[in-house]
Amino acid sequence: MSFRRKPRVSLKTPEQFGVMRRAGLLLARIHDEIEDRLREGMTTADIDQISRGIIDGAGARSNFLGYHGFPATVCVSVNEEIVHGIPGTRVIREGDVVSVDAGCIVGGWHSDAARTHIVGRAKSDADRELVDVTHEAMWEGIAALAKATRVGEIGAAIEDYVAERAGERIQHLEEFGGHGIGRAMHEPPDVMNFRTRDRGPKIMPGMALCIEPMLIQNDGEFEILDDDWTVVATKGGRAAHFEHSVAVTESGIFVLSAVDGGKAELEKRGIEVAQEPSDSHTATGR
Ligand code: MG
């Protein structure tokens, strides 16, 4: 028995990344469809229905549904809700900040990604800034992974970017962060959104990591509602959340849940993405 032992980080083969790529592409379709159809007047349950329809139609499975009893295939978190909102009767209004966290399983391999939308016209420049900074912070974290030697450098890059862009206006939450992904949705290691003393494990080919800044206006005070899921800000600030599942291959990184593999955003940051993983030699199936 050793309580000092670090949790083991699972390494994937190129073929396994190929299956994870299929899960990532299906998830990108789910997010694109939700983005196209999101309107004021919809309920958060309507967003879940879009995701369910695509997962069922593809013969895939949901990794959110039933996760520790979670009742839906997506988390939808509106305005003061930060993460883990349960889809239901809440009606989306113009100017709402709507975070959608979604995932799916293809061939036994998981994908997990999130986007935040402002519905119609933003209520304030601060809301626009929040969503933009969170989106850019995710890509800064992904870009850091491409050059990092330790996982901890991702969080350092996210923290530095947010501080430089938004100072005290936007904060990270220490309690929530990214993770490894593979045969399970949540695997070691933790991927923090800020700098810590622990530099984390060495980056190695075969790692798959979810990088997901969750940022909040004002301070980071929150509570969890009686539903035991929904995390809400208690000081009136809005929250935003972006996430991608990213593979570390022998020849660089590839963003599994982005249709272009992350090419457009990473090239802006001077990084060439790896070749698209393929599972053409692997049997398919659920
Ligand atoms: Mg995640």
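Quick check for me: using +1 on Lys/Arg Cβ and -1 on Asp/Glu Cβ, what's the dipole size of region 1-78 about its Cα centre, in debye to the nearest 20?
820 debye
Across the chain, how many lysine pairs separated by 8 or more positions, or lying on different chains, have Cα atoms within less than 21 Å? Please list the in-between numbers first.
On the way: LYS6/LYS202; LYS12/LYS147; LYS12/LYS202; LYS123/LYS235; LYS147/LYS202; LYS147/LYS263; LYS147/LYS268.
So the count of such lysine pairs works out to 7.
Alpha carbons only, please: Rg and Dmax for the chain, in angstrom.
17.9, 56
Please check: in the Gaussian network model of the chain (C-alpha springs, under 10 Å), which one of GLY261, GLY41, GLY270 has the largest mean-square fluctuation.
GLY270
Provide the per-residue ³J(HN,Hα) series for region 175-191, in order, calculated from phi with Karplus coefficients 6.51, -1.76, 1.60 and θ = phi - 60°, each as a whole number of Hz, with x at glycine and proline positions.
7, 10, x, x, 6, x, 8, x, 5, 10, 5, 10, 10, x, x, 5, 10
Would you mind telling me which residue in GLU164, GLU136, GLU15 has the biggest mean-square fluctuation in a Gaussian network model of the chain, where springs connect alpha carbons within a distance under 10 angstrom?
GLU164
Going by amide H atoms built from the backbone, whose H comes under 5 Å of the H on PHE222, apart from near neighbours?
Excluding prolines and chain starts, which carry no amide H, the hits are THR234.
Taking a probe of 1.4 Å, how large is the accessible area per residue of the chain, in Å²? Write out the running numbers ahead of the final one.
On the way: 13260 Å² over 286 residues.
Accessible surface, normalised per residue, equals 46 Å².
Applying the Karplus parametrisation 6.51 cos²θ - 1.76 cosθ + 1.60 with θ = phi - 60° to the phi angles of region 211-216, what ³J(HN,Hα) value in whole Hz is obtained for each residue in order, glycine and proline being reported as x?
10, 8, x, 10, 10, 9
Connecting C-alpha atoms closer than 10 Å in a GNM of the chain, tell me which of LYS202, LYS12, LYS268 has the biggest fluctuation.
Of LYS202, LYS12, LYS268, the most mobile in the Gaussian network model is LYS268.
Provide Rg and Dmax in Å for region 46-86, with only Cα atoms included in the calculation.
Rg, Dmax (Cα atoms, Å): 10.8, 34.
The values are calculated or read from the model by the stated rules, or taken from the named source; none is laboratory data. Please read these numbers as outputs of a predicted model, since none were measured by experiment. Don't worry about glycine lacking a Cβ; one is built from the backbone with ideal geometry, like all the others, and counts go over all protein chains shown. Quick note on the areas: whole protein, heavy atoms, side chains included, nothing else; ligands and nucleic acids left out. Shrake-Rupley method; radii C 1.70, N 1.55, O 1.52, S 1.80 Å.
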